[in-house]
Amino acid sequence: MDEFAPPTDAERAAALAELTSWLTAVEENPVVAAVVEDTEAIDRWFVRVNGEAKDVYSVWFELGQRTLAYETYVMPAPEENPAEFYEQLLVRNDTLREVAFTIGPEHAIFLKGRIDLRHVGEESLDRILGTIYEAIERCFQPALRIGFASRFA
C-alpha cells in the first residue's frame with residue numbers, strides 16, 4: 001500500500017462503518033447529550049457534549065474523500081487583551097494532539113483537526129473526543145478571563 005495514495009473506496013467504507021459504529025456507542029457516554037446526523041450534508045454528524053468549564057458544545061465530524069475532519073466552536077473573538085489571548089491559545093496548541101485552536105469566521109475561536117480515513121477507529125475517535133473535551137475544560141475559563149476581562153472584574 002502506498003501511504004501517500006488516496007484511500008480506496010473500500011477504506012472509505014470501512015472508515016464510515018467505524019465512525020457510525022462509534023457514534024452509536026458514544027451515546028452511552030455520560031458526557032454525551034446527543035448524537036445527531038446532519039440531514040443537510042452527506043456523512044456529517046455532531047456530538048453534543050456536556051462540559052463543566054463550558055456547559056455544552058457540539059463537536060462536528062465530517063467524513064470526506066480522504067480525511068475525517070472534526071471541529072467545535074469555542075468562543076467569539078476576544079473583546080480585549082487580544083495579544084495575550086491569542087498567545088495563550090497558541091502556547092496551548094503545543095501540548096494538544098490531533099487538534100488545534102484556530103481562528104474562524106468573524107475571528108471566532110475553534111478547535112479543529114483531521115485524520116486520514118485509514119486511521120478512523122474506536123481508539124482514535126475516543127482520543128479525539130477526549131482531547132477536545134480536555135482542551136475546552138483546561139482552556140475555556142482562562143481564555144475567557146483574558147479576552148473578556150472586564151466582564152469578570
- Message: Which pairs turn up if I take residues in segment 30-43 that are part of a loop (DSSP other than H, G, I, E, B) and look for partners that are surrounded by fewer than 12 Cβ atoms within 10 Å (Cβ to Cβ) with beta carbon separation below 8 Å, at least 6 apart in sequence or on another chain?
- Response: none
- Task: Could you figure out which of (1) farther than 28 Å from Leu23 by Cβ; (2) in contact with a Ser or Thr (Cβ under 8 Å, 6 or more places away or on another chain) isn't true of Ala153?
- Result: (2)
- Assess whether Thr131 counts as being of a type in the set (Val, Ile, Thr) and either loosely packed, with under 14 Cβ neighbours inside 10 Å or not in a helix (DSSP H, G or I) (or both). no
- Item | Test: Ala69 is free of Cβ contacts under 8 Å to residues at least 40 places away in the same chain, assigned to a strand (DSSP E or B) and out of contact with any helix residue (DSSP H, G or I) (no Cβ under 7 Å at 6 or more places or on another chain) | no
- Item | Single condition Thr95 does not satisfy, out of (1) modelled with pLDDT of 95 or more; (2) surrounded by fewer than 16 Cβ atoms within 10 Å (Cβ to Cβ); (3) part of a loop (DSSP other than H, G, I, E, B) | (1)
- Message: Between Glu106, Glu123, Glu87, which is among the acidic types (Asp, Glu) and within 16 Å of the chain's Cα centre (by Cα)?
- Response: Glu123
- Message: I'd like the residue in segment 68-92 that is of a type in the set (D, E, K, R) and either in contact with a Cys (Cβ under 9 Å, 6 or more places away or on another chain) or under 30 Å from Ala14 (Cα atoms) (or both) and, out of all such residues, is surrounded by the fewest Cβ atoms within 10 Å (Cβ to Cβ).
- Response: Arg92
- Note on the structure: The condition of being surrounded by fewer than 14 Cβ atoms within 10 Å (Cβ to Cβ) and among the acidic types (Asp, Glu) holds, among Glu18, Glu52, only for Glu52
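The values are calculated or read from the model by the stated rules, or taken from the named source; none is laboratory data. Quick caveat, the model's predicted, so the values are computed rather than measured. Note that each Cβ is placed from the backbone with ideal geometry, even for glycine, and that neighbours are counted across all protein chains shown.
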